[in-house]
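Derivation of every value follows stated rules applied to the coordinates shown; laboratory data play no part. Worth saying up front: this structure is predicted, and the values here are computed from it rather than measured. Please note: Cβ atoms are built from the backbone with ideal geometry, for glycine as well, and neighbour counts cover all protein chains shown.
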Amino acid sequence: MAGEPQDDCLFCKIVAGDIPATIVRETPTTLAFRDINPQAPTHVLVIPRVHYPDAASLAAGDPDAVADVLREAGEVAAQEKVDGTGYRVVFNTGPGAGQTVFHAHAHVLGGRDLQRLV
Ligand code: AMP
Ligand code: ZN
């Protein structure tokens, strides 16, 4: 069923505590933890506890969770002290855009000069 934990999902396993992660923030609906392969001095993933494969399906199925993820992205940036200099929130969607984990997640990147993308 939509939103239910998936046995084969890495991030559902992190939510369940079955795989360790360096957690930086937790709320009743979200988890924020450091990316294992950081691309910037601050590289944190913010995920909803519920399982949806990508940001758009999360938005369709649980819009409140999207708001929670985006609010937490801002809280992470403030906690990491990159809110002043600037940070980027990225939702890779689909393999062609580099998505490798099909549990919706926001990358929060900061702490270095981030080239303008668009
Ligand atoms: P994406 O490629 O947008 O799907 O993002 C998935 C991210 O998850 C990548 O940046 C990976 O480095 C990161 N990642 C994969 N496994 C783990 C893990 N066990 N703990 C933390 N981050 C991970
Ligand atoms: Zn999942």
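So here's what we get for this one:
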read-out	value
For segment 10-110, size of Cβ-based charge dipole, Lys and Arg +1, Asp and Glu -1, in debye	200 debye
Relative contact order of the chain, pairs being alpha-carbon contacts under 8 Å that are 6 or more residues apart, as %	29 percent
Backbone HN-Hα couplings from phi across segment 101-106 [Karplus 6.51/-1.76/1.60, Hz, Gly and Pro as x]	10, 9, 10, 3, 7, 9
Percent of Cα pairs exceeding the 25 Å cut-off, where the set is the chain	17 percent
MRE, 222 nm, helices only [DSSP H, n ≥ 4, -39500 (n - 2.57), over the chain, to nearest 500]	-8000 deg cm²/dmol
